[in-house]
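The values are calculated or read from the model by the stated rules, or taken from the named source; none is laboratory data. In this text the structure is predicted, and so the values were computed from the model without any measurement. Cβ coordinates were reconstructed from backbone atoms using ideal geometry, including for glycine residues, and neighbour counts include every protein chain displayed. Quick note on the areas: whole protein, heavy atoms, side chains included, nothing else; ligands and nucleic acids left out. Shrake-Rupley method; radii C 1.70, N 1.55, O 1.52, S 1.80 Å.
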Amino acid sequence: MTWLYTQFIASYLVLIPLLVYFESREMLPLVMIIIIANGVGDGLAEPVGIKFGKKKYTTYALFTQQRYVRSYIGSACVLISTVIAILAFHQFFNATQLVVALLVMPILITLAEAFSPHTWDSPLIYASGGVSLIGIFHYL
């Protein structure tokens, strides 16, 4: 239960400032990209990985040295869902921003999911997705 509670708290500590930031710039719908990456992509990662995941890797959880198994095909769900989410919100991007978002965000979010401690992927997905979106819109 500690993992669950700490993940929820950390997720909100990351997500609420992102909501405020994007709302203040009238870009709130863009937060849906990272919510879809987390909700759909990470949500599908476990059942798809269990059913089809032949090649696996391990990760730790917080507060323990126990190792947990993840699959590459499960992590691919995060990557594909992020690409689809970006394309669904393409109207918010100019051409350069869209290309950079498609090249950077799926990889960063997938790596955040892959290397995050067990059950702590949500706050890291939100953080990596949010920071990359802010960078794309701030610098491009």
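Quick look at the numbers
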{"read-out": "Flag for residue 112 being touching a residue at least 24 places away in the same chain (Cβ under 8 Å) and either within 11 Å of residue 41 (Cα to Cα) or surrounded by 13 or more Cβ atoms within 10 Å (Cβ to Cβ) (or both)", "value": "no"}
{"read-out": "Selection status of residue 114, under 24 Å from residue 12 (Cβ atoms), at pLDDT 95 or above and in a helix (DSSP H, G or I)", "value": "no"}
{"read-out": "Residue in the stretch 117-126 that is free of Cβ contacts under 8 Å to residues at least 24 places away in the same chain and out of contact with any Asp or Glu (no Cβ under 6 Å at 6 or more places or on another chain) present", "value": "yes"}
{"read-out": "Test: residue in the stretch 12-22 that is of a type in the set (Ser, Thr, Tyr) and under 21 Å from residue 79 (Cα atoms)", "value": "no"}
{"read-out": "Condition check for residue 134: open to solvent by 20 Å² or more (accessible area, probe 1.4 Å), in contact with a helix residue (DSSP H, G or I) (Cβ under 9 Å, 6 or more places away or on another chain), farther than 12 Å from residue 37 by Cβ and in contact (Cβ under 8 Å) with a residue 24 or more places away in the chain", "value": "yes"}
{"read-out": "Failed criterion for residue 140 (all others in (1) surrounded by fewer than 17 Cβ atoms within 10 Å (Cβ to Cβ); (2) at pLDDT 95 or above; (3) under 23 Å from residue 17 (Cβ atoms) hold)", "value": "(2)"}
{"read-out": "Looking only at the stretch 1-14, and only at residues there that are within 16 Å of residue 113 (Cα to Cα) and surrounded by 15 or more Cβ atoms within 10 Å (Cβ to Cβ), the one that is modelled with the lowest pLDDT", "value": "3"}
